[in-house]
4 protein chains.
Amino acid sequence: MKNRTLLMIPGPIEFEPAVLAALGAPTTSHLAPNFIEAFGQALERLRELFLAPDGQPFVIAGTGTLAMDSAGANLVEPGDRALVINTGYFGDRFGALLERYGAQVHHLRAPVGGRPALDEVEAALRGGAYKLLTVTHVDTSTGVRTDVKALAALARAYGALCVVDGVCSVAGEELHMSEWGVDVALTASQKAVGVPPGLALLVAGPRALQAYQARKTPVANFYADWGNWLSVMQAYEARKPAYFGTPAVNLIFALNASLEIILKEGLEARLARHRALGRACRAGLAALGLGQVPLSDELAANTMSAPRFPPGVNGPAFLAEAAKAGVTLAGGLHPAIRAEYFRIGHMGSAGLGDILATLGAVEAALEACGHAFTPGAGVAAARTAWRGA
Amino acid sequence: MKNRTLLMIPGPIEFEPAVLAALGAPTTSHLAPNFIEAFGQALERLRELFLAPDGQPFVIAGTGTLAMDSAGANLVEPGDRALVINTGYFGDRFGALLERYGAQVHHLRAPVGGRPALDEVEAALRGGAYKLLTVTHVDTSTGVRTDVKALAALARAYGALCVVDGVCSVAGEELHMSEWGVDVALTASQKAVGVPPGLALLVAGPRALQAYQARKTPVANFYADWGNWLSVMQAYEARKPAYFGTPAVNLIFALNASLEIILKEGLEARLARHRALGRACRAGLAALGLGQVPLSDELAANTMSAPRFPPGVNGPAFLAEAAKAGVTLAGGLHPAIRAEYFRIGHMGSAGLGDILATLGAVEAALEACGHAFTPGAGVAAARTAWRGA
Amino acid sequence: MKNRTLLMIPGPIEFEPAVLAALGAPTTSHLAPNFIEAFGQALERLRELFLAPDGQPFVIAGTGTLAMDSAGANLVEPGDRALVINTGYFGDRFGALLERYGAQVHHLRAPVGGRPALDEVEAALRGGAYKLLTVTHVDTSTGVRTDVKALAALARAYGALCVVDGVCSVAGEELHMSEWGVDVALTASQKAVGVPPGLALLVAGPRALQAYQARKTPVANFYADWGNWLSVMQAYEARKPAYFGTPAVNLIFALNASLEIILKEGLEARLARHRALGRACRAGLAALGLGQVPLSDELAANTMSAPRFPPGVNGPAFLAEAAKAGVTLAGGLHPAIRAEYFRIGHMGSAGLGDILATLGAVEAALEACGHAFTPGAGVAAARTAWRGA
Amino acid sequence: MKNRTLLMIPGPIEFEPAVLAALGAPTTSHLAPNFIEAFGQALERLRELFLAPDGQPFVIAGTGTLAMDSAGANLVEPGDRALVINTGYFGDRFGALLERYGAQVHHLRAPVGGRPALDEVEAALRGGAYKLLTVTHVDTSTGVRTDVKALAALARAYGALCVVDGVCSVAGEELHMSEWGVDVALTASQKAVGVPPGLALLVAGPRALQAYQARKTPVANFYADWGNWLSVMQAYEARKPAYFGTPAVNLIFALNASLEIILKEGLEARLARHRALGRACRAGLAALGLGQVPLSDELAANTMSAPRFPPGVNGPAFLAEAAKAGVTLAGGLHPAIRAEYFRIGHMGSAGLGDILATLGAVEAALEACGHAFTPGAGVAAARTAWRGA
């Protein structure tokens, strides 16, 4: 069993005790009144979390990739054109799955650590007759955050549906789904939503549902077909039983527990806390002389950081030393730079203490790996930067 | 939170404390050594459980329907012919999903509560040039068990791949995957495998993998594509990290805990216990004057029972009374007879005590609903029938 | 870790999942607002449970014997006379500890399985100038229940304080502490109160507190001295922090969770259920031809049963067979008859299902031990007797 | 339920997940083989932890005060002389309870924050004919650590039994019970031993047991009388059932889990880690300009710190701000200086990360309370001081 060491990777994260208790409680029937109530609440709360009063939430057993797949499979018909705002590994993945469903995919890329400029996006949209624009809000492989609000506005202006992969952002980065005109937003349970892995979470807005209903061809993916799940979600939200596949009862109780905690904190307070987490973490890393993958601070996510190793530091040795110091960090994921950087998740319930503990372990690991820096500089800078919170 | 009342439906079931404890434990990284070890063990143990030394296990976040979908999506190419041995609701579902992937599906049906005769199956196979035969080992909507061994032999004889939907059977009914020539067997975590819902479990045999590799068209379903998961499963079994989607860490720890319990009991002992569960439950029900959906005792599953309501007994009232007596039972699922019967799950760790408690609640509910019978006859008959165990 | 087998001994018992979840939750400070609230609630609820509006509850880390010791140590001064209504092992223990504190103890005994007649008690009281009368409500070694109401009235009539050892009765047998004039009632957490072992629970009425305050000598036992705890209990109930020893935080959260469940069920309903448990268990045992230790049904407790082994049945073998059948039972405790009987606890959240499961295991064990009886007779009789509930 | 904020008080502390899981697991019989094994192991492991190969461990439901009371009640007879090395609140308590059992108590005190000099102790012993010397290893009210090794040697030299109150030291401070000639050492579960509150832990050495056996008067305290428990402890260690009072099954499983973790880390490594915890915490506090209650660093405990508030800082406001910053700290306890200082526990599984998180919260709270210091200085100093570990 995991001991008290900190899990500071970009998902799964440290979960609240109340969430784990809900997960490990004896399982009820998926048709039991208390489960119907919890599932119904969770659906309502997802709508609040996504700020999508006119959206339709879906909660389905699966990974974040299933959530992406569900968006692609239900919205794309063979021959449809899709524009992928590609800021890393998960842009590639979105393109790959859209192609699987017959889309003609155009990737708009930027150098690693950057993001396509809005005028490039507009230029592409103008010429493209795209049905779909996908955007990774925070690409977990680079820590780059995109400007979803502006991209959604552009998509709308050019008649494309805007699909936001919020796997590494929802509940940690600002997202006003309805107000911004986002048509689908999705995430996975094990990230900032704060629930152990196993649930794909997606909210579809009215235009997305219309596009689904207007399909001329069946959805190629049976399991992900919204048609199978829509009436089930509507039934549970109306506090009525329904069945397509057995819901992941324990995970849904856990989801409801976490959403309660999130909404009780308040979205504004939660986002402010995540901004402080990002600010403090980056300040600490900078004070230790570490660069980062995002090409500028404005591009850097609040939910995670992607620091570059200083010269001479060996990745696996560094991660092993950090673990010895009590903090589990993640290695690189982006194929082009995999060995050059590491990743820190700071989302969910994380606070100043977690950032300090993490930077303490980063200092210890850098020291063990022979990197020269002023001892204590990282934790001091993080502590100081947090004050602005 | 669920109290000490018994959950005796055909999944989710009552889970072992050690399984729930593993589920609710703080989450580790999906790349942590202890998780890699647990996942690797779980894969090895699945191979033991399915008696499939040459099989390839897949553990993927999702429902049992995802497991079915995965079999269909990976094995079917447009135009392939599939024979569905249809004994209820889940035969219909298998047909529907196979059609989604382009199969020409022929359903071989029997009256409700029956199963197609082997000579009918052979006749169909003889004339059909089927690529695929699917069979529901135990259809959860009827409690009918099919003769998988004979059907697999026929499939083999006529060159069809045999896919077994073992959602309501694996770990509770006899299944010798390799020896019987079954090409794919699949289940869901929340049934006799004894793990809360959220995992699709599938083992693919060598011929199934060959058929996958010989495909001329890509798998239509991105999430379920074995190509995405195969190297991940192989890596974890070799105790190496790998990534496609974040594994459902807590559920997989729970799966490994349950498989350890199952294999420690021993498959022979476990199947004998399930035979006793089925025998005792049916004896108790018969002593109360209740018929059952399966047309004969030989067709009845050991993992669940599907008793018919006696005349005059109202289903919802009956279920509510049973719940008041401390046992949650399930209503009907098969559309043709939905209001005429109810369902009892007796699998996993269930024992004589659970059967007696269940029949005690059935007696109490029947009494409250005005059905005449000798009080105590049900529990006495169950207790007596168990003795033969 | 315990598996799903049933623990049917006279404590510890099967606990509710919500109680175990509270116990295993991360520990808060003993001065944290949520703990202060929980402890305060628990004290209020104990007063409700004991039906002692004018009583002072004490919750102290320790066993049931500590609760007894606390009563003895605080009420007895050297030379005080005490009358022990002795119905078994725990009468002996009460006498022993009273003597330790200097009491002159007179035991009023009855044959094993019996209880002293009220006129004997009155005769003793009349002649005795007793300061204290102690009574074991249900002696766990015999399953004999005493008539607390009548005994308390006699004690009152003759000016003796009435101390009730309710370890095996509180929350399962009728006890109107204030109305009946009981001066101290006490129990342990792991019995019918439904909380894992570790808490001594005691309520002192006004006369008991006056007797304490009127002491001429200090309490010999430092840890148990009410003077150390009284202000702490009062503070927590007033929702204020206080300190003498660190409260058993997790157990007290668990206690509060269990008391909530108990009071939500309602004391009347709970006692009726326990009467049904006792009636059904005894009916089942009788139908199998087993006698019981209590000399008549009127003397038998509702919280436990003490059946005698039939001739030829070996105790350890019987208990091992019952365990194999999934139910843990207890052996004998009373020194005079230890090998001749066994003990079944049926309290807390136990229901008909638990009784049926238990009798099923008793039948299986008797069968394995060669005792002749009509198979199923025990479970049938229990099920039938329950109907009167 | 507690959320992810840190509990950094001198007990209860943050417990390991495996310990909490053991605590919350379904309860077994106190006579079940797996419990007997766990209790037996726990006793053996206590002997290892106390480095007392010839000691007799006792594990009894109760608080740390019960452990102290048990030592006093079993060793003192009326008229015995006892010397209390008094370094704070718990020295006063030890004296009070010894007097309860008839001892003539002499307190050897020092100014608050100090400890009596060894020559003073020797002088007192020389003239005193003391049967007993008690010493608080770390007084939780002051954070002062005494020199147990030297005191035990003096006690031995002058024929007094040496009783060590190790409530705030055992498993966190060096203690070689047998080698140093300590006769009784005791602690409570919720401190450095790492188990939620509810268990009194005591090891009695051979001379202490001889003194017990040589008593001329009965032990005044029935519950704490070693005579009631000795055969029970011996039986469980011999893996045999025995009964005096129902053991606190869940807490004992948790104790065994924690002792396994402690011994796996290794006592040497564990003590070195606690030295680093103390050093880092004190360095951080000093860098923020905070004094401490112990009069010198050499007197300061490794398991806790007792920093003085800087002028102008209000205690309750400070603690509330620290809690807002995610860390629960403790107020003062020593009556003479209660409002002048606060207390930080750093024991059990605490690591660098916990110290950094704690100092971050201390900084945040000092800032909010208007104390001037260099932001980040505390965490930087702690991080730097840790490096020497």
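Where a number appears in this text, it was derived from the coordinates with a stated rule and is not lab data. If you're wondering where the values come from, they're calculated on a predicted model, not measured in any experiment. Cβ atoms come from the backbone with ideal geometry, glycine included; neighbour counts cover every protein chain shown.
Projecting the alpha carbon convex hull of segment A:17-265 along each direction and taking the average yields 12.2 nm². Can you give me the Kirkwood hydrodynamic radius for the protein assembly as shown, using every pair of distinct Cα atoms, in Å to one decimal? In the protein assembly as shown this quantity evaluates to 34.7 Å.
In nanometers and ordered shortest first, the copy-to-copy spacing of the C:Glu265 label point, defined 7 Å from Cα toward Cβ, is 2.8, 3.9, 4.1. Between D:His176 and A:Ala339, the FRET efficiency estimated from the beta carbon spacing at R0 = 30 angstrom works out to 0.05. Within the protein assembly as shown, what percent of beta bridges assigned by DSSP are antiparallel, to the nearest 5? Once the DSSP bridges in the protein assembly as shown are tallied, antiparallel ones form about 50 percent. The charge dipole of the protein assembly as shown, taken about the Cα centre with unit charges on the Cβ atoms of Lys, Arg (+1) and Asp, Glu (-1), comes to about 0 debye, rounded to the nearest 20. Globularity index of segment A:241-366 is 1.26 (Cα radius of gyration / 2.2 N^0.38 Å, N = number of residues). Counted by Cβ distance under 13 Å from D:Gln56, the other residues give a net charge of -2, where Lys and Arg count +1 and Asp and Glu count -1.
Here, segment D:1-160 is characterised by an Rg to Rh ratio of 1.04, where Rg is the alpha-carbon radius of gyration and Rh the Kirkwood radius.
Kindly state, as a whole number, the per residue volume in cubic angstrom of the convex hull around the alpha carbon atoms of segment A:90-134.
Hull volume normalised by residue count: 69 Å³.
For a test of the definition: using alpha carbon positions, the gyration tensor, and the 1.5 limit on a/c, classify segment D:122-264 as rounded, prolate or oblate. In terms of gyration-tensor shape, oblate.
Separation of segment B:351-389 and segment C:176-232, taken as the distance between their Cα centroids, equals 45 angstrom. Using bins of 10 Å that start at zero, the share of Cα-Cα pairs per bin across segment A:64-143 amounts to 20, 53, 27, 1, in whole %. Taking chymotrypsin sites (Phe, Trp or Tyr not before Pro) across segment A:297-389, the ones in a DSSP loop with at most 16 further Cβ atoms lying within 10 angstrom of their Cβ are A:Phe373. Helix hunt in chain A: which complete DSSP H runs extend at least 20 Å axially by C-alpha with mean Kyte-Doolittle at least 0.5? Within chain A the helices that satisfy the rule are A:249-265, A:352-368.
Viscosity 1.567 mPa s, temperature 4 °C: what is the translational diffusion coefficient of segment B:178-325 from Stokes-Einstein with a Kirkwood Rh over Cα pairs, rounded to a whole number of µm²/s? Can you show the working numbers first?
Values: Rh = 19.3 Å.
After rounding, the answer is 67 µm²/s.
So what is the 222 nm mean residue ellipticity for chain B from helices alone, if each DSSP H run of at least 4 adds -39500 (n - 2.57) and you divide by all residues, rounding to the nearest 500 deg cm²/dmol?
-13500 deg cm²/dmol
Output the pairs from A:Lys216/A:Lys240; B:Lys2/C:Lys264; B:Lys191/B:Lys264; A:Lys2/A:Lys324; D:Lys2/D:Lys324 with a Cα-Cα distance over 21 Å in this structure; if there are none, say none. From A:Lys216/A:Lys240; B:Lys2/C:Lys264; B:Lys191/B:Lys264; A:Lys2/A:Lys324; D:Lys2/D:Lys324, over 21 Å: A:Lys216/A:Lys240.
Near C:Leu6, the amide H atoms lying under 5 Å from its own belong to C:Val327, C:Thr328; only residues 5 or more places off or on other chains count, and H is placed 1.01 Å from N. Taken over the alpha carbons of segment C:148-225 as equal point scatterers, the Debye sum produces base-10 log I(q)/I(0) values at 0.11, 0.20, 0.23, 0.24 Å⁻¹ of -0.32, -0.94, -1.09, -1.13. Evaluated at q = 0.14 Å⁻¹, the base-10 log of the normalised Debye intensity for segment D:297-389, with identical point scatterers placed on the Cα atoms, takes the values -0.50.
The Cβ shell under 12 Å around C:Met1 holds other residues with a net charge of 0, Lys and Arg each +1, Asp and Glu each -1. Annotation: extensible slack from A:His106 through A:Ala269 equals 54.9 nm (criterion: 0.36 nm per residue apart, minus Cα-Cα distance). When the alpha carbon coordinates of segment C:245-312 are projected onto the principal axes, the ranges are 51, 28, 18 Å, largest first. Volume per residue of the convex hull around the Cα atoms, evaluated for segment A:36-94, comes out as 128 Å³. Chain C holds its axis-closest Cβ, relative to the rotation onto D, at the residue and whole-Å distance C:Gly24, 1.
With contacts taken as Cα pairs under 8 Å at a separation of at least 6 residues, chain C carries a relative contact order of 24 percent.
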